[in-house]
1. Under 20 Å from Gly130 (Cβ atoms) and free of Cβ contacts under 8 Å to residues at least 60 places away in the same chain: is that true of Val53 in this structure?
2. Let me spell it out: the conditions are (1) hydrophobic (A, V, I, L, M, F, W, C); (2) in contact with a Phe, Trp or Tyr (Cβ under 8 Å, 6 or more places away or on another chain); (3) touching a residue at least 24 places away in the same chain (Cβ under 8 Å), and Ala37 meets all of them except one. Which number is the exception?
3. Between Arg47, Arg121, Arg92, which is surrounded by 15 or more Cβ atoms within 10 Å (Cβ to Cβ) and farther than 22 Å from Phe11 by Cβ?
4. Tell me which residues, restricted to segment 26-49, are farther than 19 Å from Gly103 by Cβ and either in contact with a Lys or Arg (Cβ under 6 Å, 6 or more places away or on another chain) or part of a loop (DSSP other than H, G, I, E, B) (or both).
5. Count, please, the residues in segment 83-109 that happen to be of a type outside the set (Asp, Glu) and either touching a His at 6+ places or on another chain (Cβ under 8 Å) or on the phi > 0 side of the Ramachandran plot (or both).
6. Condition first: within 18 Å of Tyr48 (Cα to Cα) and part of a helix (DSSP H, G or I). Can you find one or more residues in segment 97-108 that meet it?
7. Which one is modelled with the lowest pLDDT, of the residues in segment 75-96 that are under 24 Å from Val50 (Cα atoms) and not acidic (Asp, Glu)?
8. Examine segment 50-73 for a residue that is assigned to a helix (DSSP H, G or I), touching a strand residue (DSSP E or B) at 6+ places or on another chain (Cβ under 7 Å) and crowded, with 19+ Cβ neighbours inside 10 Å, and state whether such a residue exists.
Amino acid sequence: MDNRHVIIERFFNVGVHGDISLAEEGLGWQENLILDAQTDDPEAIFRYYVEIVGLNILFYWVDDGNFYTIETELDPIEVRRIYNNPNWDGDREYNKADINGNGPHTSSAGEIIATFDNPTRIWDELRINGVRIGDVLKRSAILDID
């Protein structure tokens, strides 16, 4: 019996992640990211990847159905809501984002919703639709960190 709580039946392309559905268990910081950061504290994990290592983050926030990226390689750092693919057929949620139709990635074009001169400010100051980034990431599929 499958105990997974599926949120979106047809999220990924076949073969991308093995299973095409997005389940509740796939939200937030996944085990491999926790192990790499050597902590299970969400703030410490975020600060490790963004402030210490300086990686970009791509995530899908299930509460508003949008893909976002935190682009740490840019100066200033940009937080973007990724543009929807105008040719999206409605089939796989993953294909909804990115105007090139290849699915979202950390350098996808999008609407800049916030900028930061210093990565140490992001955890405390970033809000998306009024929600703190820590709470957003709890309810997000973190799809890429590069």
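The values are calculated or read from the model by the stated rules, or taken from the named source; none is laboratory data. This one's a predicted model, so the numbers in the text were calculated from it and none came from an experiment. Counting neighbours? That spans all protein chains shown, and the Cβs are built from the backbone with ideal geometry, glycine included.
1. Details: under 20 Å from Gly130 (Cβ atoms): no; free of Cβ contacts under 8 Å to residues at least 60 places away in the same chain: yes.
Spelling it out, it is not the case that Val53 is under 20 Å from Gly130 (Cβ atoms) and free of Cβ contacts under 8 Å to residues at least 60 places away in the same chain.
2. Answer for Ala37: the failing condition is (3).
3. Details: Arg121 fails: surrounded by 15 or more Cβ atoms within 10 Å (Cβ to Cβ); Arg92 fails: farther than 22 Å from Phe11 by Cβ.
Answer to the check: Arg47.
4. Step one: filter segment 26-49 for residues farther than 19 Å from Gly103 by Cβ, giving 28-29, 31-49.
Scanning segment 26-49 gives Gly28, Trp29, Gln38, Thr39, Asp40, Asp41.
5. Within segment 83-109, the first condition is being of a type outside the set (Asp, Glu), and the residues that meet it are 83-88, 90, 92, 94-97, 99-109.
Add one more test, that the residue is either touching a His at 6+ places or on another chain (Cβ under 8 Å) or on the phi > 0 side of the Ramachandran plot (or both), and what stays is 90, 101, 103.
Summing the residues that are of a type outside the set (Asp, Glu) and either touching a His at 6+ places or on another chain (Cβ under 8 Å) or on the phi > 0 side of the Ramachandran plot (or both) in segment 83-109 gives 3.
6. Start the filter on segment 97-108 by keeping residues that are within 18 Å of Tyr48 (Cα to Cα), which leaves 106.
Add one more test, that the residue is part of a helix (DSSP H, G or I), and what stays is none.
So far as segment 97-108 goes, no, none of its residues is within 18 Å of Tyr48 (Cα to Cα) and part of a helix (DSSP H, G or I).
7. Step one: filter segment 75-96 for residues under 24 Å from Val50 (Cα atoms), giving 75-83, 94.
Next, from what is left, pick out any that are not acidic (Asp, Glu): 76-77, 79-83, 94.
Values: Pro76: 97, Ile77: 97, Val79: 98, Arg80: 97, Arg81: 97, Ile82: 96, Tyr83: 94, Tyr94: 90.
The extreme case among them is Tyr94.
8. Keep residues of segment 50-73 that are assigned to a helix (DSSP H, G or I), which gives 50-52.
Remaining after also requiring touching a strand residue (DSSP E or B) at 6+ places or on another chain (Cβ under 7 Å): 50.
Filter once more, keeping what is crowded, with 19+ Cβ neighbours inside 10 Å: 50.
The answer is yes; a qualifying residue exists.
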